[in-house]
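Have a look at the structure below, then the notes.
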Amino acid sequence: MSVLTVVAIGGNSIAPGNQEVSVARQQQAINQLAEHIVALQAAGHRVVLTHGNGPQVGLELQRSAIAHQQLALPRVPLAYCVAATQGGIGSQLQQAFTRSSQAAVSLVTLVEVAADDPAFSAPDKPVGLFYSAGESALLKAQHPDWCFMEDAGRGYRRVVPSPQPRHILAAPAIELLSAQGFIVIAAGGRRGTGGAHYRGGLSER
């Protein structure tokens, strides 16, 4: 009987630094990762793969802010950025698994959270690039609604709310696809299992 194995990868592990943040570089890192996941599947594991997306979400938010400032385009909400990066990373993982002739499917996954989760008023999840103290102060001046925190001695990063997940809405679909032999990529997002959030049936933002 196959063993169900959940593998979690960090968003930073596939976006290896401020100087090489690109889709092409991320695909290279994902291709290397996929080799190990395929080996697990071949050894009798049914793999469900979840991932972080902190750097990717931060970049999407920054692109949104620049487009708003420079071109007056509407800002992109945080929840949309989370879902968009889930889809992008999921697509890249599927491409990598397809090259290895391994069936895979990715799900943009909604996760229920509490409407009164304290994280909404106390952001603490780092996203995006690392900045010096001076750079973060300048960005804060440009974007007063942004929050920054020092991250593990490596610099300052923007922080956003990351409420605790209560329930993965697509859990039955994940179980069904896994039982059919697919590598399932799901619940990608903040906290690694966060996914795109909703509160009380309403979109987070």
- prompt: What is the helix-to-structure angle for 54-71, meaning the angle in degrees between its Cα long axis and the longest Cα principal axis of the chain, kept from 0 to 90 and rounded to the nearest 10?
  reply: 50 degrees
statement: Between the modelled labels at residue 151 and residue 114 (7 Å from Cα along Cα→Cβ) the distance in nm is 2.6 nm
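State, as an integer percentage, the relative contact order of region 1-139 based on alpha-carbon contacts under 8 Å between residues 6 or more apart. Show your work: numbers first, answer last.
Values: 134 pairs, mean separation 39.1, N = 139.
After rounding, I find 28 percent.
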field: ³J(HN,Hα) computed for each position of region 136-149 - Karplus, 6.51 cos²θ - 1.76 cosθ + 1.60, integer Hz, glycine/proline x
entry: 5, 5, 5, 5, 5, 5, 6, 10, x, 7, 7, 10, 10, 9
- line: About its Cα centre, the chain carries a charge dipole, from +1 on Lys and Arg Cβ atoms and -1 on Asp and Glu Cβ atoms, whose size in debye to the nearest 20 is 180 debye
Angle between the chain longest axis and helix 23-42 axis [Cα atoms, degrees, rounded to 10]: 30 degrees
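How much length, in nm to one decimal, is gained on full extension between residue 140 and residue 164, taken as 0.36 nm per residue of separation minus their Cα-Cα distance? Write out the running numbers ahead of the final one.
Values: separation 24, 0.36 × 24 = 8.64 nm, distance 2.63 nm.
Length difference between fully extended and current span is 6.0 nm.
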task: Kindly write out, for region 92-99 in residue order, the coupling ³J(HN,Hα) from the Karplus curve 6.51 cos²θ - 1.76 cosθ + 1.60 (θ = phi - 60°), rounded to whole Hz, with x marking Gly and Pro.
output: 5, 5, 4, 4, 5, 5, 4, 4
GNM flexibility winner over the chain from 133, 15, 72 (Cα, springs under 10 Å): 72
Spherically averaged projected area of the chain from its Cα convex hull (nm²): 12.2 nm²
- prompt: Hey, in the GNM for the chain with a 10 angstrom Cα cutoff, which one of 48, 113, 23 fluctuates hardest?
  reply: 23
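Take the Cβ-Cβ distance between residue 95 and residue 3 as r, set R0 to 35 Å, and report the resulting FRET efficiency rounded to the nearest 0.05.
Details: r = 26 Å, r/R0 = 0.74.
It comes to 0.85.
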- request: Report the calculated FRET efficiency for residue 65 and residue 173 (r = Cβ-Cβ distance, R0 = 30 Å), to the nearest 0.05.
  value: 0.30
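No value in this document is a laboratory result; all are computed from the given coordinates. Being a predicted model, the structure only gives us computed values, none of them experimental. All Cβ positions, glycine included, derive from the backbone under ideal geometry; neighbour counts span all protein chains shown.
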